[in-house]
Amino acid sequence: MHSFYNFVSGPLAWVAFILFFGGSIYRIVSMLKLVAEKERFIFSYMSWRYSLRSIIHWIIPFATVNWRRQPVLTVVTFAFHLCLLATPIFLLSHVVLWDEAFSISWWTLPDAVADIMTIIVILGAVYFLVRRVTQPEVKFVTSVSDFVILAIVAAPFITGFLAYHQWLSYPLVMCLHVLAGDIMLAAIPFTRLSHMLFSPFTRAYMGSEFGKVRHARDW
Amino acid sequence: MKTVTLIALSLSIAIVLAFTAAWSQDDMTVVDNAAFNNPQRTPSVFVHDEHNETAGIDDCAECHHVYEGGKRVEDESSEGQSCSECHDLQGSGNQPSLIKAFHANCKGCHQEQGKGPIMCGECHIK
């Protein structure tokens, strides 16, 4: 089990991070190249002011009409995404590993808080799963890949939760946790999880078109 | 006279007890984590004598090392000291923080030897 742990947390983690950063740069650069090739006129109305105005409205809960129309979804999605991003970055045991490997460290969450944030992510994933299955308008645009990426995102948190509490077979759960994290990182640029990279661009484009062309709000 | 005997006796008992506690590690089952203000994990499982017997460690300085000017001093050991006397919570320069020193000493050796626990929860058992 230790050699498997060393493999998933060593060479495979390098592969995952290279795919994550390299893939992210590649996806963003090829998207910008495609725009420059096919719809160059977009740049004529892209505006920092309208871009940021749109992004700021949409990253604040209840600051848009659509956020207010679906209060439960709004609360869940903000809690989910915040915990999803912050927990792995500020988790003590992760920072300890960064420190051991590269002598870099930063502020960390108390474990008890990280534990609750992990539960929030897992419950959020369950909410999105139920929503995909039960809401007709969501079901209509759902394909198998949506369930797969939901599983990819939930897996590191479920295994992390089990590993932290040392439930089930700890060494196996720990290895699966690292493996799940590697898979998620590598999947971000190449699946719909890439909305992590593209959402600011999408928002900037919408904001600019609404602001500068249609002279309307997009929130 | 009775009082003198009583004082002498209790003093010698106290001295024997103090040395037993300091020099015998028979009863040591976890690493002392008293230096941490708000420890997030359980103290690391470590049965001193059993570990060293299994690992075949005779030299105290194997773990209880002494560093001077960034270099390990041969033939000197520090088993009378607490780890936290040198390794503070923050660490500075070449001096690893207490957490990092513990991890490097235990996990580092386990990785080198290919033996012993290396995953968080194998030592910090709930």
- prompt: Being within 18 Å of the chain's Cα centre (by Cα), surrounded by fewer than 18 Cβ atoms within 10 Å (Cβ to Cβ) and of a type outside the set (Phe, Trp, Tyr), is that true of even one residue in the stretch A:200-210?
  reply: yes
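If I ask for residues that are among the basic types (Lys, Arg) and part of a helix (DSSP H, G or I), which ones from the stretch A:172-218 would you list? Break it down into steps so the answer makes sense when it comes.
Looking only at the stretch A:172-218, we keep the residues that are among the basic types (Lys, Arg), and these are A:192, A:203, A:212, A:214, A:217.
Answer for the stretch A:172-218, where residues must be among the basic types (Lys, Arg) and part of a helix (DSSP H, G or I): A:192, A:203, A:212.
Can you tell which of A:153, A:148, A:178, A:173 is modelled with pLDDT of 95 or more and surrounded by fewer than 17 Cβ atoms within 10 Å (Cβ to Cβ)? Steps first, please.
Working: A:153 fails: surrounded by fewer than 17 Cβ atoms within 10 Å (Cβ to Cβ); A:178 fails: surrounded by fewer than 17 Cβ atoms within 10 Å (Cβ to Cβ); A:173 fails: surrounded by fewer than 17 Cβ atoms within 10 Å (Cβ to Cβ).
The unique qualifying residue is A:148.
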Report task. Might you let me know whether the stretch B:81-91 holds any residue that is touching a Leu at 6+ places or on another chain (Cβ under 6 Å), modelled with pLDDT of 85 or more and either among the aliphatic types (A, V, I, L, M) or at positive phi (or both)? Result -> yes
Apart from one, (1) loosely packed, with under 11 Cβ neighbours inside 10 Å; (2) part of a helix (DSSP H, G or I) all hold for residue A:107; the odd one out is (2)
Among helices (runs of 4 or more DSSP H) entirely within the stretch A:1-48, at least 3 residues that are without any contact (Cβ under 8 Å) to a residue 24 or more places away in the chain and within 14 Å of residue A:182 (Cα to Cα) occur in A:11-38
In the stretch A:165-199, anything within 13 Å of chain B (Cβ to nearest Cβ), farther than 16 Å from residue A:13 by Cβ, free of Cβ contacts under 8 Å to residues at least 60 places away in the same chain and not hydrophobic (A, V, I, L, M, F, W, C) is listed as A:165, A:166, A:169, A:170
Per the filter on the stretch B:1-54, residues modelled with pLDDT of 90 or more and assigned to a helix (DSSP H, G or I) are B:48, B:49, B:50, B:51, B:52, B:53, B:54
Counting only helices (runs of 4 or more DSSP H) wholly inside the stretch B:85-126, the ones holding at least 2 residues that are within 17 Å of the chain's Cα centre (by Cα) and at the interface with chain A (Cβ under 8 Å from one of its Cβ atoms) are B:98-103
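The values are calculated or read from the model by the stated rules, or taken from the named source; none is laboratory data. Keep in mind it's a predicted model, so treat the numbers as computed, not measured. Cβ sites come from the backbone with ideal geometry, for glycine too, and all protein chains shown count toward neighbours.
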